[in-house]
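What follows is a short report on a single structure.
The values are calculated or read from the model by the stated rules, or taken from the named source; none is laboratory data. All values reported here derive from a predicted model rather than from experimental measurement. So basically every Cβ, Gly included, is an ideal-geometry build from the backbone, and we count neighbours across all protein chains shown. We work out accessible area using only protein heavy atoms, side chains counted, and drop any ligands, DNA or RNA first. Shrake-Rupley method; radii C 1.70, N 1.55, O 1.52, S 1.80 Å.
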Amino acid sequence: SLHFAMAILALAQQGHGFAPSTIRRGGVATTASSSTISSPSSRQMFTGIIEEMGDVISLETKDDMTLWDGSKGSGTEMVIGGGVVMDGAYLGCSISVNGVCLTATELDFDNNVFKVGLAPETLRKTNLGTYTSESKRKVNLERASEIGGRNSGHFVQGHVDNVGTIIDRWVDENSLFFKISFPYEYMRYVVPKGFIAIDGTSLTVCDVKSEGPEGENWFTFMLVEYTQQKIIVPSKSVGDTVNIEVDVLGKYSAQAWEAFAPKMEALERRVKELEEEVTVLKSEAVASAGDEDS
């Protein structure tokens with residue numbers, strides 16, 4: 001519907017937290033001006049088609065970060081190396097890192113690295129806090145896409161719902177399967193053959209099992225040969241975590257149904273009441289007709 005489409009576009013305009021600060025070119029770091037921060041408003045969401053695997057150069061918590069009122073506070077910053085996503089990058093642009101929409105706060109075009117800030121909510125809901133330079137693990141990277149442009153994946157916001165845990169993996173000919181344990185509260189949005197974003201990668205759900213808060217809750221997906229070579233998931237083992245974002249369209253559908261269901265139930269109750277009233281009226285009419293005949 002038109003309202004739904006407008007909601008999707010509105011989501012695309014949301015900001016993502018940390019204020020842009022520095023651009024580095026030719027060995028010289030410069031502070032961002034308003035002109036360098038401005039950007040095309042259409043490049044704000046993702047498709048789940050990973051463009052490259054980047055390297056985590058550093059993950060550091062600082063106590064001297066400047067807040068909106070000039071005071072100092074603590075925060076976590078990650079520096080990432082990636083060539084493709086630097087093409088067209090600007091201070092304040094959105095880059096998906098393992099499926100998390102993050103704001104580029106510093107750009108070093110000489111060394112093809114960029115810095116992002118990790119908010120406390122990001123650290124709570126994702127696995128990015130485990131990606132230190134010592135871990136030598138790569139991250140999936142994707143630039144924001146144009147709304148209305150070609151989308152070979154699905155609408156990915158970069159708003160991770162929670163992490164899932166790999167509980168099994170196996171090979172089926174040239175396909176690599178993964179079985180993911182996921183909190184029950186999100187399983188309502190996971191359906192067979194539906195979309196799901198795993199570490200930012202748009203994938204198709206295969207099988208689903210949801211037994212409630214105390215039971216088993218998992219789903220499977222598989223990677224074709226080409227995808228296996230382009231993303232970080234095949235490098236993960238049983239026990240490792242993945243960032244998961246369920247399909248936003250499923251969320252909107254559930255929300256719309258929750259708003260509609262009470263009205264439908266009320267309508268059904270009213271119809272039943274009217275049917276009962278009609279039955280009573282028919283009975284009274286039959287009885288009245290019998291009295292007249294007698």
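Annotations for the structure displayed:
- Size descriptor, Kirkwood hydrodynamic radius, that averages inverse alpha-carbon separations across the range 159-234, Å: 12.8
- Evaluated at q = 0.11 Å⁻¹: base-10 log I(q)/I(0), Debye formula over Cα of the range 201-294: -0.63
- Applying both filters, DSSP loop and at most 16 other Cβ atoms within 10 Å, to the GluC sites (Glu not before Pro) of the range 187-294 gives GLU211, GLU214, GLU216.
- Apolar share of the accessible surface for the range 191-294: 56 percent from carbon plus sulfur atoms, 1.4 Å probe.
- Taking all Cα-Cα distances within the range 67-121, those exceeding 12 Å account for 67%.
- Across the range 70-217, the relative contact order, built from alpha-carbon pairs under 8 Å that are at least six residues apart, equals 21 percent.
- Given +1 at the Cβ of Lys and Arg, -1 at the Cβ of Asp and Glu and no other charges, the dipole of the range 175-246 around its Cα centre is 220 debye to the nearest 20.
- Relative contact order of the range 196-273, taken over Cα pairs closer than 8 Å and 6 or more residues apart, is 31 percent.
- Residues in the range 58-105 average 40 Å² of solvent-accessible surface per residue, probe 1.4 Å, ligands and nucleic acids excluded.
- For the range 174-217, the ratio of Cα radius of gyration to the globular rule of thumb 2.2 N^0.38 Å stands at 1.18.
- The fraction of accessible area contributed by carbon and sulfur in the range 42-109 is 48 percent, rounded to a whole number (1.4 Å probe; ligands and nucleic acids excluded).
- Calculated accessible area for the range 144-265 comes out at 52 Å² per residue, all protein chains present (probe 1.4 Å; ligands, DNA, RNA ignored).
- Peptides 163-174, 49-60 ranked from most to least packed, by the mean per-residue count of other Cβ atoms within 10 Å: 49-60, 163-174.
- Across the range 111-119, computed HN-Hα scalar couplings (Karplus, 6.51 cos²θ - 1.76 cosθ + 1.60, θ = phi - 60°) run 10, 6, 10, 9, 10, 10, x, 10, 6 Hz from first to last residue, x flagging Gly and Pro.
- Look at the dipole of the range 203-254 built from charges on Cβ: of PHE221, PRO234, VAL208, the Cα furthest out on the positive end belongs to PRO234.
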